[in-house]
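The values are calculated or read from the model by the stated rules, or taken from the named source; none is laboratory data. Just so it is clear, the structure is predicted and the values come from calculations on it, not from any experiment. Don't worry about glycine lacking a Cβ; one is built from the backbone with ideal geometry, like all the others, and counts go over all protein chains shown. These accessible areas exclude ligands, DNA and RNA; they are computed on the full protein's heavy atoms, side chains included. Shrake-Rupley method; radii C 1.70, N 1.55, O 1.52, S 1.80 Å.
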Amino acid sequence: MQKPQHYTQWRLPQGAKKRIGKGGINEIKYFPDGTKLAVACTIGIWIYDVPTCKPIDLITGHTGPVNSIVFSPDEGTFATASDDKTARLWDTVTGEHKASFVGHKDVINSVVFSPDGERLATASDDKTIGLWNLRTSEQIAKLEGHTEKVFSAEFSPDGKVIASSEAWGGKGGIWIWDAHTYEFLKLFEGETDWIEYIVYSPDGSMLMSRETRGEANFWDANTGKKLKTCELESWMSDFTPITFAPDGRSFATGIKDGGVCLWDIGTGKLLKEFELEEDIDSWPSSVAFSPDGETIACASEDGTIRFWDVNTGKVSKTITDHTPHLSSTQKTEGTHLPSQRTYSVAYSPDGRTLASGYGTKIHFQNPETGEIQTTITGSRENVRSVIYSSDGKILANAEGTTKARLWDAQNGRFLGTFSRHKESISAVAFSPDGRMLATGSHDNSICLWEVRRGELYLIGDLLLTLAGHTDKVTNVTFSPDGDMLASSSYDSTVRLWDVNTGNPRKTLVGHTASVYAVAYSPNGNGGVLASGGHDGKVRLWNSQTGELIQALNTHKQEVYSVVYSPSDKIITCGTNGVLYFWNIETGELLHTYSGHTDVIDGIAYSPDGQTLASASRDGTILLWDLDSILNP
């Protein structure tokens, strides 16, 4: 599996020349021989060499985040489940794709082999469990009856039954199915409405369920009688991952701040607590015992995998550089924690630096090497928008709170905060002369702020508040001459404002749903404005008259970002994993690029127009070579 190139160039989609970021972690599993670790993440499956913690392969093929990974009983293959509604089979040695299992109508949350290695079971958001023949890849049964999303399905070790659990709102408890007749047999009734996942003990005598009240319950696998409850501590998340030790005598849980706990199965008592010396604000996403039981690997939402020595209670090594990210269950059901994806990207005016919102951080990176030059920390929520001033000296950001911040783009020094909105700020924009900052907010308003250039304190007064939108403002942009501001909103409109007076000038009506993106052509180009949104259209408007010039079709793909090329000849939009490129004059679709596994919220051309950077919620940035588009 060893790759000769740097990992930023592994398994790149056609047209891409570099990938920055490894994606967020959903689940980790040791290879059966213990020498490698598989990481199911938002862009594929990373394979790491355990002794060195170096990546040795990236397996791609799924078009959505990978939620679950499991090795076959004969250790020759492993299976994965994905948001793309499919499960896939891969060769353990080569990483070669062996088969795909297609039939679910929604996200697949988990996948498991039958003990004899002949079948595969998949649990899906479509409220069903699929059973698949591994030799033919055909679906042999569909278990129906769940009334909510199915989070987990497990074969008993003897292969006779399947246990499953479902999301909040359904029948609380564990469902038991006959694995051969596919009949529903009985329900082990729980005391909560939501059992996140279930697992059989290695000897098959017990089931353990992880429930949302902060406890792990043990059940007699035959009778359904609850044997005992392990009260997990208050500092554990409702989504604390659990794994059995290979000897079946203990289990491990990940805990807040990157640590792990080891528990006795017989008594339910805490045996050991392993804590980091430093305090990190991060929840666990997955834990895994090494096959020899000597090490516990724990993946945290901060994008780090730590390997804990069971005997010493110390971290022996770490894997880093994954995107801070929430597990698939937290993503699905919602939580107070930020989802921590890559939402925004911007080139510096000289093209030498790429700034991006990376979870709650801002990274300044060399676009040629991907090397991080500076990192800004301190945000409590996701960085939703970043933008450079025209001279490249200042960076502004919106971070999912009511505040916008300014930073020295050279050294990352904090320069000040703008705060007046009542709800979170979704977008920021500098005026062309850099003396004004616009902030668009979920409180339906836009604020225009003075930026005091050349002074010690850059934060100036609130100049104007623009009110008129009837729903959340999603984006803002200044006209090239700086006299107008355009804004988009969930209210399905684009509005144009006089920057000097704050008076509304035009309301552009035509989108049939929320508008997420708006952009002026950089060289004026007759005052053409582009907008895109939920209805899958990129609309080009005459900003002077409000007339619709043309509508560009993305074939029902929602449009989350829009940008013009520096030459004004091409317009590009980002959708759910796909980039569209159109000729502005003719409206001809020139090209599409696919490769991200989630929504593309941020796109930016390099100043020379030769490269496009796309930032996605899959936690990565892809740099695309545009030569074939510019010179067909």
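A few remarks follow.
Residues checked against (1) over 17 Å from residue 422 (Cβ atoms); (2) acidic (Asp, Glu):
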position	(1), (2)
441	no, no
444	no, no
448	no, no
455	yes, yes
467	no, no
470	no, no
478	yes, no
490	no, no
494	yes, no
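- Search result, residues across segment 505-530 that are within 15 Å of residue 488 (Cβ to Cβ) and either open to solvent by less than 20 Å² (accessible area, probe 1.4 Å) or not in a strand (DSSP E or B) (or both): 508, 510, 511, 512, 513, 514, 515, 517, 518, 519, 529, 530
- Filter result for residue 134 (out of contact with any helix residue (DSSP H, G or I) (no Cβ under 8 Å at 6 or more places or on another chain), open to solvent by 10 Å² or more (accessible area, probe 1.4 Å) and not small (Gly, Ala, Ser)): yes
- Against the conditions (1) within 23 Å of the chain's Cα centre (by Cα); (2) among the small types (Gly, Ala, Ser); (3) on the phi < 0 side of the Ramachandran plot, residue 61 satisfies every one except (3).
- Which numbered condition residue 202 fails, given (1) open to solvent by 20 Å² or more (accessible area, probe 1.4 Å); (2) at pLDDT below 80; (3) of a type outside the set (Val, Ile, Thr): (2)
- Residue count for segment 473-487, restricted to those that are closer than 12 Å to residue 439 by Cα and out of contact with any Pro (no Cβ under 8 Å at 6 or more places or on another chain): 8
- Candidate set: segment 471-503, residues that are of a type in the set (Asp, Glu) and within 21 Å of residue 523 (Cα to Cα); chosen: the one least open to solvent (accessible area, probe 1.4 Å): 498
- If the condition is being in a strand (DSSP E or B), under 20 Å from residue 84 (Cα atoms) and not hydrophobic (A, V, I, L, M, F, W, C), then segment 117-132 contributes 122, 124, 128, 130.
Yes/no per residue for (1) part of a strand (DSSP E or B); (2) polar (S, T, N, Q); (3) open to solvent by less than 10 Å² (accessible area, probe 1.4 Å); (4) within 30 Å of residue 611 (Cα to Cα):
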site	(1), (2), (3), (4)
14	no, yes, no, yes
40	yes, no, yes, yes
52	no, yes, no, no
74	no, no, no, no
93	no, no, no, no
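- Close pairs (7 angstrom Cβ cut-off, 6 or more residues apart or separate chains): of a type in the set (Asp, Glu) in segment 439-456, crowded, with 20+ Cβ neighbours inside 10 Å anywhere: 443/421; 450/436
- For segment 363-373, the set of residues classified as farther than 19 Å from residue 349 by Cβ, open to solvent by 50 Å² or more (accessible area, probe 1.4 Å) and either touching a residue at least 60 places away in the same chain (Cβ under 8 Å) or in a strand (DSSP E or B) (or both) consists of 372 only.
- Scope segment 1-12; condition of a type outside the set (A, V, I, L, M) and open to solvent by 20 Å² or more (accessible area, probe 1.4 Å); matching residues: 2, 3, 4, 5, 6, 7, 9, 11
- Pairs are defined by a Cβ separation below 8 Å, a sequence spacing of at least 6 or placement on different chains, a first member in segment 481-505 that is of a type in the set (Val, Ile, Thr), and a second member that is surrounded by fewer than 18 Cβ atoms within 10 Å (Cβ to Cβ); the pairs so defined are 493/507; 493/509; 494/507; 499/482; 499/483.
- Condition check for residue 85: charged (D, E, K, R) and under 19 Å from residue 41 (Cβ atoms): yes
- In the condition set (1) surrounded by 24 or more Cβ atoms within 10 Å (Cβ to Cβ); (2) more than 20 Å from residue 516 (Cα to Cα), residue 606 is compliant with all but (1).
- When residues of segment 293-326 are limited to those that are charged (D, E, K, R) and modelled with pLDDT of 90 or more, the one surrounded by the fewest Cβ atoms within 10 Å (Cβ to Cβ): 314
- For residue 100, the conditions (1) out of contact with any Pro (no Cβ under 8 Å at 6 or more places or on another chain); (2) surrounded by 17 or more Cβ atoms within 10 Å (Cβ to Cβ); (3) assigned to a strand (DSSP E or B) are fulfilled apart from (2).
- Segment 342-362, subset open to solvent by 20 Å² or more (accessible area, probe 1.4 Å) and part of a loop (DSSP other than H, G, I, E, B), residue farthest from residue 605 (Cα to Cα): 360
- Tally of residues being surrounded by fewer than 21 Cβ atoms within 10 Å (Cβ to Cβ) and not in a strand (DSSP E or B) across segment 244-264: 7
- Any hit, segment 614-632, residues being surrounded by fewer than 24 Cβ atoms within 10 Å (Cβ to Cβ) and farther than 27 Å from residue 353 by Cβ: yes
- Just so you know, in segment 205-243 the residues that are assigned to a loop (DSSP other than H, G, I, E, B), in contact with an Asp or Glu (Cβ under 7 Å, 6 or more places away or on another chain) and open to solvent by 20 Å² or more (accessible area, probe 1.4 Å) include one that is modelled with the lowest pLDDT, and it is 239.
- Of all the residues in segment 265-292, those that are open to solvent by 20 Å² or more (accessible area, probe 1.4 Å) and either assigned to a loop (DSSP other than H, G, I, E, B) or of a type in the set (A, V, I, L, M) (or both) number 15.
- Residue list for segment 16-30, restricted to those being in contact with an Asp or Glu (Cβ under 9 Å, 6 or more places away or on another chain) and either closer than 20 Å to residue 599 by Cβ or surrounded by fewer than 19 Cβ atoms within 10 Å (Cβ to Cβ) (or both): 16, 17, 21, 22, 23, 24, 25
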